[in-house]
Amino acid sequence: MSAPFGRRLCEVSENHSSGGYRVFSLLDREGPTPLPGQFYMLAAEDHWEQLGGRPFLPRAISVAETGPAAAGVRLDFLIEGIGPGTGRLCELAPGESVWVNGPLGNAFREPREVSAGAAGAILVGGGIGVAPLALLRRRFGERNVPVRVLLGFRDAEHSGGLDDLFACCEVRLASEDGHAGHQGYVTDLLAAMLTGDDAGSAVVYSCGPAAMLEAVRALCAAHGVACELALESPMACGYGACFGCAVPKPEGGYLRLCVDGPVIAGDRVAEVTHA
Amino acid sequence: MPEFCGISLAHPVINASGTFDAIAARRVYGDALLADFPFSAFVSKTITPEPRAGNAPRRIWETPAGMINSIGLPNKGLEGFLAEDLPQLAELPVPLIVSVMATGRPEFARLVEAVADREEVAAIELNVSCPNVHSGLIVGEAPAETEALLEALRPLTAKPLIVKLTPNVADPAAVAVAAESGGADAVSLINTLKASAFDPLSREPALAAGHGGLSGPAVRPVALQQLRSVAAAIGLPAIGMGGIGSGADAAEFIAAGAALVAVGTESFRDPRAGSRVAAELDFTSPQGAAVQPALDLD
Ligand SMILES: Cc1cc2nc3c(=O)[nH]c(=O)nc-3n(C[C@H](O)[C@H](O)[C@H](O)COP(=O)(O)OP(=O)(O)OC[C@H]3O[C@@H](n4cnc5c(N)ncnc54)[C@H](O)[C@@H]3O)c2cc1C
Ligand SMILES: Cc1cc2nc3c(=O)[nH]c(=O)nc-3n(C[C@H](O)[C@H](O)[C@H](O)COP(=O)(O)O)c2cc1C
Ligand code: FES
């Protein structure tokens, strides 16, 4: 179902901290229920252009969870404040309004083999990139797709969303400082899993920093395992208007990540680099 | 109902070239786009004779009240545009203006002839912010180059030729006068202002191309002054643009001499900005002003 044409104001229903990140919710009275992997372009209605004139453009933010609300759809977002835009979104107070354009972009695809005995889905998230995997995990659970979740965080201050978004399910953790789970990278956990004998028919779904995604892409390519990567690139519009979000294709030329992605099959991207 | 070069339009707000992809927007928003099309005419992204992939990322950088872009004119080339894009653009409920650019007069002529030949096309915008490979000069920065280009293109079509002026010159009015003497039907301005930014952490250029063009509200006062001087110097209608985000902004451009206005960067923030600006403009016109208090009552 298409996004409503244009932007609309949605009310903030809550905002709380979560492991160094923030989780806030909007009430969307008009939009359809988003699919896992889709994103919205968001801008606070008030005080968006702050001192110094930024942020000016809206910011692309993945939907982390969704559910029915009294009059519409509840949209949950996981935010890491890294600059003026995400900083302002972190401060949103209940009752405030946010300009919303979306849901935009494509969604993660289901694995072809979904039987109980199949290798199923392996979700690999790092840092703020765990956001779209929360909704994906729930959807797979509802469809009886076997799911294993591997999440990596730098340290306790960068481990948001665990209690809120992944409370219900088994999660294998890695942390660079060793505060939780395996000390090291989440890709260490993935490498071990992919050498297991059932790995061939698995599909890996991943979102996180560029270096992690590149490691996931390379590991999956080496093991002949399909993967879907949710990438990031600088976005001005989110709906194909600006051509700013270019991501190189392996055969040359560029994708427009906002309309051709943000989820791209691992074999459809050249090396994942930080844009 | 504004009338522009013989084309009648539902309102005076069109899009700026390269800032709205109607084909992509229709895929995203469905036919709601057509039912409520934000612009009274649609200007295509600039097309070139051969396909172009565009520049390597990073292509955009936000600035205070604006952005710098170095997109690099990605497009399917003339053949791809005519075969794949034009039939889809013909389904839009508004007249179509095609923006073209080439690096020599013969190539420019080939584009204009091929595009003007298609009945779906109402007018042609000439993006002259490009070098002439033969002289090495940027066509739109040299009045003589601009006049010579128009003299070469004018005999090829009776359809309106709009010259998109670059703001990166000391005297844009001199280029506009040259376009008029060469036989142009209208001018549009401003294109983006040459600009650069650096990542303060890495101290590297923010954009892969090193520099780009500034757009958005940051350029609005510059655009207004250039429009004012151009409008005073020529007898042709002008399409004014540069940071328009509201009806009040558009009213300023009309006051400065614009026949039509174009919305660019604001569409990134608000996909229906064109409709909003047109509606707001209604209430800021001298005749419409009387209507506004009634709206404010409750
Ligand atoms: C599809 C998609 C989904 C996303 N989902 C999420 C999500 O769920 N949660 C989340 O927190 N984030 C998410 N992001 C990332 C977020 O949209 C960007 O990081 C956004 O740019 C942050 O804006 P900001 O103003 O906070 O930071 P910016 O100031 O935009 O800084 C972000 C980066 O851009 C650079 N930068 C860009 N412009 C400037 C400038 N003018 N001056 C200085 N530095 C600049 C900086 O180097 C910095 O590393 C997503 C991005 C995409 C594309
Ligand atoms: C991302 C982007 C792409 C653009 N592409 C083109 C283009 O292909 N051809 C052109 O003539 N102008 C192009 N422009 C310039 C705009 O048409 C317009 O002249 C300029 O942005 C000023 O208007 P604004 O401030 O409302 O955006 C582009 C501008 C932007 C921001
Ligand atoms: S973000 Fe504008 S085209 Fe993709």
* To do: Hey, could you check region A:216-256 for residues that are near ligand 1 (Cβ under 10 Å from one of its atoms) and in contact (Cβ under 8 Å) with a residue 60 or more places away in the chain and say which is farthest from B:A209 (Cα to Cα)?
  => A:A230
* Asked: Considering B:G245, B:G274, B:G264, which residue is surrounded by fewer than 24 Cβ atoms within 10 Å (Cβ to Cβ), within 15 Å of ligand 2 (Cβ to nearest atom) and within 14 Å of chain A (Cβ to nearest Cβ)?
  -> B:G245
* Structure fact -> Considering only helices (runs of 4 or more DSSP H) wholly within region A:160-275, the ones with at least 1 residues that are surrounded by fewer than 21 Cβ atoms within 10 Å (Cβ to Cβ) and away from chain B (no Cβ under 14 Å) are A:162-165, A:186-194, A:210-223
* Asked: Does B:T63 meet the test of being of a type in the set (V, I, T), within 8 Å of chain A (Cβ to nearest Cβ), within 15 Å of ligand 2 (Cβ to nearest atom) and touching a helix residue (DSSP H, G or I) at 6+ places or on another chain (Cβ under 8 Å)?
  -> yes
* Considering A:A180, A:A134, A:A121, which residue is in contact (Cβ under 8 Å) with a residue 24 or more places away in the chain and under 25 Å from A:A60 (Cα atoms)? -> A:A134
* Structure fact -> Of the listed residues (B:V115, B:V133), the one being away from ligand 3 (no atom under 16 Å from the Cβ), more than 14 Å from chain A (Cβ to nearest Cβ) and either touching a Gly at 6+ places or on another chain (Cβ under 6 Å) or more than 26 Å from B:S70 (Cα to Cα) (or both) is B:V133
* To do: Identify all residues within region A:57-77 that are within 12 Å of chain B (Cβ to nearest Cβ) and crowded, with 24+ Cβ neighbours inside 10 Å; write none if there are none.
  => A:L57, A:P58, A:A60
* Flag for A:S206 being hydroxyl-bearing (S, T, Y) and touching a strand residue (DSSP E or B) at 6+ places or on another chain (Cβ under 6 Å) -> yes
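Each value in this text was obtained by applying a stated rule to the coordinates, not by laboratory testing. Keep in mind that what you see is a predicted model, and the values were worked out from it rather than measured. Heads up, the Cβs are rebuilt from the backbone with ideal geometry, glycines too, and the neighbour counts pull from every protein chain shown.
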